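Okay, structure first, notes after.
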Amino acid sequence: MIFEERQIEKNNFSSRAILLFGLVILSFVMILIKVFSLQISGYSDYQLAALKNKNYTVPVQALRGEIFDRNGVALVRNDPTFDLITRPNLIADIDNFINEIQGVIFLSEKEILNFKKAYQKKAFANKELVLKKDLTDEEIARFEVRSFNFLHAFIGKRYRRITDYPTIFSHVLGYTTRSENDFTTMPDIPRSHWRDAELTYAHGLIAGQTGLEQVYDNYLKGKHGSKVYEMNARGQFVKPLSIVNPFKGADLYTHLDIKAQKSAAKFIGNRKGAVVAIDLESGGINVLYSSPSYSINKLSNGVSERELKDLINDINKPFFNRALQGRYPPASTIKPAIGMYGLSSSIVDWNFKLQDPGFFTLPETGRIFRGWREGGHGKVDMLKAILVSSNTYFFSLAYQADIDALSKHLSSLGFGKKACADCFNEDPAFVPTPEWKYGIMNAGWVKGDTVNLGVGQGYLVATPIQLANYAAILATKGKFFEPSIVTSGIIKKSLNIWDDKKFSNLDWKKMHEAMLGVIESDAGTARSIRSLKKFQVAGKSGTAELVSLDSKEAYQDIRTSELLRDHSIIIAFGPMPNPRYAVSVVIENGESGGAVAGPVAIEVLKSLVNE
């Protein structure tokens, strides 16, 4: 019995010994596998991770492309500027350094405060720190003479986005601001590394905010490079190891014309308004001017908070791009379009005449729609109605129109849709329809609404770019290109055809004859501007009413407030008989279209044809 118990105990001990020995062997094998993995099979992975911890990659900012006018003159360029840059890790006494350098270069309290605030962090990491930006030539000269006293400071070259025309091109060129999204272009570089980017521009990483700078930002901005530094265990830069150079952005060539843009700005003066001019051979926009404006140099390169606040709160709204976003009743400039509708719909022909007593009476309600001339114009046909701008004629024509067909016709001439292929933040405005009125006003369409459209009043609105595009369609007899600011090398465009089988070549010829007479004949409403040039110009002027009134006397009462005065509008094209350019001008609260907007249009056309 005792023997058996000892035998069992011995067997249990042997089993436990074997199990323990097996566990030891298994653990040893696992250790060997792990060592093999670390030392051999996983060596390259761990080596790469170690290198990543040791190396620090930063982006190197690319230089943006420049922007040129149609004659190859720079509109926006990269202007070199010079900053005073320090090596904080080598500066032992910051206060003494600042005191000494202030004897050479003036430092503002803000510059000193910013420098001291960033000093310790930059010094620890062995990184450079800008002390003063945009040094003057005098400051550069003073520093260079005494640079031997400042071994830990140097002058570094940076760039600014600069134009020689900061106000007249502000809305079309746009401006740049600091970019917060550049890290998305190089996902291999951690986002945290972008704060150490090596900058090309004095104001940091930048991107287009408005205008061409924004529309073509990807085209202009180029491709950032990268630079790899060796970093020690304390997170300090030791030395540069390699660099991939950045690629400069592509230059942008436009149809814009500096001379014509200057004319637009000069002759609008300090009035509110807009000018757009289009080259009929290409659809290129030669002039796109909005007044008032602002300085894009300041916004791109540093504007004070007070200046920015003043711009934002300015009651004249200088940031508002009237050329692309201003909604104005087209007034009598719409009459050629209404005439085209009447002819193609067989409501009238060129020989149809009616008596113009100076008003039109709506048969359904007896409501009276008055013309601009008391007593009217007597017997008028289509040609005379356009020459003298007979409201009665076009009231009557519009009264007979089908509103859906008329709205479709106006849309075919570019109203109610974006006209420009590459303009920034263009407003399409709208062409009113019964559905639109019901949806917006919860009211039905009435005949009086259609009658108002006949003279470009009521609910119809258009932007200056749409009016210029409409003028281009009229000038080219329906064969036109979509307007664009940049040259066709970037924008692919084809010839557009406005085609109505019932509107013949003879109709086009007579329409040109009528519009030519508006300016060149003794009866034309814009005849006052015919002596301002040596070539012939066709056009149509208009006076857009802001307040509906029953008499001229009532208007005289309200015009004491400038903001209630009518807008002055004109569309024009020339030189005739083979026009090359079309232009639209809107001057807010300018009243008479021919007398006020007309001279501006003529001066712009003269600049374009080099008269």
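Highest mean first, the peptides 202-212, 471-481, 598-608 sorted by other C-beta atoms within 10 Å per residue fall in the order 598-608, 471-481, 202-212. For the pair residue 195 and residue 259, label points projected 7 Å from Cα toward Cβ lie 5.3 nm apart. Applying 1/(1 + (r/R0)^6) with r as the Cβ-Cβ distance of residue 580 and residue 304 and R0 = 41 angstrom yields a FRET efficiency of 0.40. Across the chain, Cα pairs under 8 Å and at least six residues apart give a relative contact order of 13 percent. Only Cα pairs under 8 Å and at least 6 apart count here; give the relative contact order of segment 57-252 as a rounded whole percent. Rounded, it is 35 percent for segment 57-252.
Checking the cross-link pairs 110/223; 353/501; 502/540; 417/502; 157/262; 117/248 against a 28 Å limit on the alpha carbon distance flags 110/223; 157/262; 117/248 as lying beyond it.
For the chain, the alpha-carbon radius of gyration amounts to 1.44 times the rule-of-thumb value 2.2 N^0.38 Å expected for a compact globular protein.
Across the accessible surface of the chain, with the other protein chains kept in place and a 1.4 Å probe, carbon and sulfur atoms take up 53 percent.
Working from Cα pairs under 8 Å separated by at least six residues, relative contact order for segment 148-211 is 49 percent. When each of the peptides 357-370, 398-411, 125-138 is scored by the mean number of other C-beta atoms lying within 10 Å of its residues, the order from highest to lowest reads 398-411, 125-138, 357-370.
Taking amide hydrogens as placed 1.01 Å from N in the peptide plane, the amide H of residue 348 sits under 5 Å from those of 343, each at least 5 positions away in sequence or on another chain.
Per residue, the accessible area of segment 415-504 comes to 41 Å² when a 1.4 Å probe rolls over the protein heavy atoms. Considering all C-alpha pairs of segment 434-477, those separated by over 16 Å amount to 54%. What helices does the chain hold that run 18 Å or longer along their axis, going by alpha-carbon atoms, with a Kyte-Doolittle average of 0.5 or more, using DSSP H for the helix calls? TM-like helix candidates: 2-36.
Descending by average beta-carbon neighbour count within 10 Å, the peptides 429-441, 527-539 line up as 527-539, 429-441, the highest first. In the chain, helical runs assigned H by DSSP with n ≥ 4 each contribute -39500 (n - 2.57); averaged across all residues and rounded to the nearest 500, the mean residue ellipticity at 222 nm is -10500 deg cm²/dmol. Derived scalar couplings between HN and Hα for segment 370-382 equal 8, x, 7, 10, 5, x, x, 10, x, 6, 10, 10, 4 Hz in order, rounded to whole Hz, by the Karplus curve 6.51 cos²θ - 1.76 cosθ + 1.60 (θ = phi - 60°), x for Gly and Pro.
Rounded to the nearest Hz, the phi-derived 3J(HN,Hα) couplings of segment 244-255 under the Karplus curve 6.51 cos²θ - 1.76 cosθ + 1.60 (θ = phi - 60°) are 10, 5, x, 10, 4, x, 6, 6, 10, 10, 10, 8, where x marks glycine and proline.
Around the amide H of residue 251, modelled in the peptide plane, lie the amide H atoms of 66, all under 5 Å away and 5 or more residues distant in sequence or on another chain.
Taking a straight line from the alpha carbon of residue 384, these aspartates and glutamates sit under 19 Å away, with near neighbours fewer than eight places off in the same chain left out: 349, 356, 374, 507, 513, 520, 522.
Within a straight-line Cα-Cα reach of under 18 Å, residue 408 can be paired with the following aspartates and glutamates, leaving aside sequence neighbours fewer than 8 residues apart in one chain: 435, 449, 499, 500. If R0 is 35 Å, the Cβ-Cβ spacing of residue 315 and residue 446 corresponds to a FRET efficiency of close to 0.45. What does the C-alpha gyration tensor say about the overall shape of segment 57-252? Classify as rounded when a/c is under 1.5, otherwise prolate if a/b is larger than b/c, or oblate. Verdict is oblate for segment 57-252. With θ taken as phi - 60° and the Karplus curve 6.51 cos²θ - 1.76 cosθ + 1.60 applied, the whole-hertz 3J(HN,Hα) list for segment 184-189 is 5, 7, 9, x, 6, 9 Hz, x standing for glycine and proline. Solvent-accessible surface of segment 57-252, taken per residue with a 1.4 Å probe and all protein chains present: 51 Å².
The values are calculated or read from the model by the stated rules, or taken from the named source; none is laboratory data. Since we're looking at a predicted model, the values are computed, not measured. Cβ atoms come from the backbone with ideal geometry, glycine included; neighbour counts cover every protein chain shown. Ligands, DNA and RNA are stripped out before the accessible areas are found, and what is left, the full protein with its side chains, is counted by its heavy atoms. Shrake-Rupley method; radii C 1.70, N 1.55, O 1.52, S 1.80 Å.
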